[in-house]
Every structure is written in C-alpha cells, then in structure tokens.
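Only one structure is covered here, and it is reproduced in the block below.
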Amino acid sequence: MKLASTIALFLAAATLGIMAARAAMSPPASPTDPTGMKDINRKIEKDEKGKKDDKADPMNKAPMYSRSAYDVRPLAQTRIDELAKKLTPEDAKVILKKGTEAPGCGTLLDNKKEGTYVCKLCGLPLFGSESKFNSGTGWPSFFKPFDPDHIRYEKDSEFGMVRVEIMCTRCTAHLGHVFEDGPQPTGLRYCLNSASLDFVTKGDELPAASKPLETQSAYFAGGCFWGVEDHLQQVPGVISAVSGYMGGKTKNPTYKDVCTHTTGHAETVKVTFDPKVVSYSTLLSWFFKIHDPTQLNRQGPDVGDSYRSAIFTADAKQAEEAKKFIEAQQKSDRFKGRKIVTQVDDVAKVGQFYSAEDDHQDYHEKHGGSCPLPER
Ligand SMILES: [Zn+2]
C-alpha cells in the first residue's frame, strides 16, 4: 500500500477508535495513575527540558536501569546500525523511518497467546500479553507498557495533528502512538506496528537481550527512611531503593502502626543492586557514611526503636561481610571510644520487608530537598 493511503487509513482508524471509545468510555485514568496521559505529558516536558539543559548529549541523561531491572542506557548509533542490518526493508521502514504498516495486516494483530512482546531491534520487553486488547483499529493495542521506563514518548505534529509517538527507550525504534481512548485501568491505547515487535511465548527462553539483569537485594535501617532511600538511590549500581518496614512483630504494618513504637519495626530501605557494578561491601560503607551507627534507637532528632541502626542480611555471605565490616569499622579512628550499636540479623529470622505507603516513596524527590551523597 502506498504511504499516503496508509497514513490516511491510520488517521481514520485512530479517529474512529477515539469516537467508538468515547461512546462507551469508562472514566479516565486517575491523575495519579503512573501510566496516565498526564504523566506521559509530564515526561515529555521533562525530556524536552533535559535536551535544552544538556545540549551536548541529552541521551546521557536517561536512567541506566529500568524499574524491572533492565539496562536501558541508550544504545550508540553504531550499535543501532549494526542491529538494523537484520531487519527486512518493510520492518526497517517502520522502525527506522517512523513508518506505519497497513491496518489489519500485522502479524501480531490477532495473536492471543500468553507471552511478552519485545523490541524487534534491541530485544527490550515492551508489552505483556495481559495488557493486549482488541481495539478494532487494525493494529495490535495495549493499555499499558511492560515497564513505563521502557517506552520513550515524543510529540508528533506531522499530518496536521498532534499525537504522541512511542519509541523503545533503549534503541529509539519507532513503535507507534499512544491515544487516550483505551480501557481502564489506564484509559490509554498504545497503538503498535507488528513490524516493531517480536513475540516470545510464555515458557520459552527469553533471548539474552530480553532478560533482566541479575540483581541482589540488601536491607538497611538508619533512621528516617526518606533520607536513607534518597542517598542510597544515588549510589552507582543501585537499581532501586524502596522505603519500608522490617524487623517487627506484626504483619503489613502501616506508618501509623510503626510510629507507635510498639510493633518493633525499623524504618528500612530495600536496595536492589547490580552486583557487577556495586559490591555489597561498597553499599555497607555508604550506609555507614550516611548515618551514625553509634546512636542507640535514635538518629539525631528522631527518637525511638523504629529509627534504630540495623542491617538485615539476605544470606550467609552478606551476614559474614556485614559482621567483618562492623568489626573493622569499630577498630578505625572514626569510632574510637564510641561503640557501634548496629543490629545485624538475618532476613530469615526477622521476617519479610513490607513496602511503605506511596507517600513515603521518593519523598525527597517529590518534595525537593534531595541531599547529594557525601564525599567518600
Ligand atoms: Zn529497542
């Protein structure tokens, strides 16, 4: 099909899709929905601002890791060129030249199998079968991405209308567009070209490029978790830092429960890290830099056992390292005459980590006042 007629069909189908959806539309996604259109527009604004602030190479500003532990650093153009050699001319037209395949013709439109849709160019997982739905537009449609960090958005003002283009975060392959007429819970319709995707059936081995990094977890309590989370999140090699509660007697504690200092939980930060980039012992030394391990059941103005200093070890190797680290620190000049009171206990003994309420996640980022890491 000629390009012009393909575009005309695409626009017509997109508009029809919007009209049909408006007629029987469920309420729009809530503004707090992390995958809602407001969120996407904020992301676009932030990216555009980032490009202005860093004219040298805006790509370098992208996060290194996605929430689901994939390396999403932008690929170099030479690597993209190399990967592009395997594409058919039809696929290359869509992926590299922002083309649109004819509606109703894509190979994955009617695919109802369970599995993962990955980027045809670089292999990054982009959508899961659980979010696929029949939009009636003739293109594979999804209501949310596999991971919000795997999709890059850009305003597309071509053909006299403003649309939001979607691309692969890692290799910038063109995928399609996103519209506000999808089903709940997001209210979004990610409209895809089959040409941009490969499908991996559930149970089949994912190709190496589609696998997440092998990560490890560590748990640190050192006073108010807002600051501990903020600091540890900045350590290179840390994929995520999550505020929560650990080491207490009750299940599913809330912030209010823990504030009573009767449940025994400590405000704890769960760190997921890439052991190829940062070692557990490096994390231990950062942890001791950002809090005072000699204060018993308090940290500065915050008093009570929920603010105690603790390391909850995930396995015997971590337990051994933590013990040796504390012994060495105790002998150092920094702690001369001051006793380290950090509790070291195994996760298996103290029980699971419970994530804190959303209000307490990324607190400093949301409210400003983020503190840089101290000098090492
Ligand atoms: Zn890609």
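Readers should treat all values here as calculations from the given coordinates under stated rules, not as data from a laboratory. Owing to the predicted nature of the structure, the values given are computational and were not obtained by experimental measurement. Neighbour counts run over all protein chains shown; Cβ positions are idealised from the backbone, glycine included.
Hey, what did the chain get for relative contact order, percent, Cα under 8 Å, at least 6 apart? Before the final figure, lay out each step's value.
Values: 699 pairs, mean separation 54.8, N = 376.
About 15 percent, as a whole number.
Restrict the search to segment 179-274; then list the trypsin sites (Lys or Arg not before Pro) that DSSP places in a loop and that have at most 13 other Cβ atoms within 10 Å of their Cβ.
Working: sites: ARG189, LYS202, LYS249, LYS251, LYS256, LYS270; in loops: LYS202, LYS249, LYS251.
When the trypsin sites (Lys or Arg not before Pro) of segment 179-274 are filtered for loop state and at most 13 Cβ neighbours within 10 Å, LYS202, LYS249, LYS251 remain.
Taken about its Cα centre, segment 216-367 carries a charge dipole of about 640 debye when Lys and Arg each add +1 at the Cβ and Asp and Glu each add -1 at the Cβ.
The Rg/Rh ratio of segment 240-376, with Rg taken over Cα atoms and Rh as the Kirkwood radius over Cα pairs, comes to 0.95. Exposed loop sites here mean GluC sites (Glu not before Pro) with a DSSP loop assignment and at most 13 other beta-carbon atoms within 10 Å; the chain contains its longest site-free run at 215-356.
Which shape class, rounded, prolate or oblate, goes with segment 260-340 when its Cα gyration tensor gives a ≥ b ≥ c as root eigenvalues, a/c under 1.5 marks rounded, and past that a/b bigger than b/c marks prolate?
On the way: a/c = 1.95, a/b = 1.21, b/c = 1.61.
Oblate.
Long hydrophobic helices in the chain, taken as whole DSSP H segments with a C-alpha length of 18 Å or more on their own axis and mean Kyte-Doolittle hydropathy at least 0.0: 3-23.
Return the Rg/Rh ratio of the chain with Cα-based radii and a Kirkwood Rh. Kindly include the intermediate steps, with their values, before the conclusion.
Details: Rg = 24.2 Å, Rh = 23.2 Å.
Ratio value, two decimals: 1.04.
Model label points for GLU357 and LYS85, set 7 angstrom from Cα along the Cα-to-Cβ axis, are 5.6 nm apart. Only DSSP H runs of four or more residues enter the estimate; each adds -39500 (n - 2.57), and after division by the residues of the chain the mean residue ellipticity at 222 nm equals -8000 deg cm²/dmol.
State, as an integer percentage, the relative contact order of segment 216-367 based on alpha-carbon contacts under 8 Å between residues 6 or more apart.
Numbers: 298 pairs, mean separation 50.2, N = 152.
Relative contact order comes out at 33 percent.
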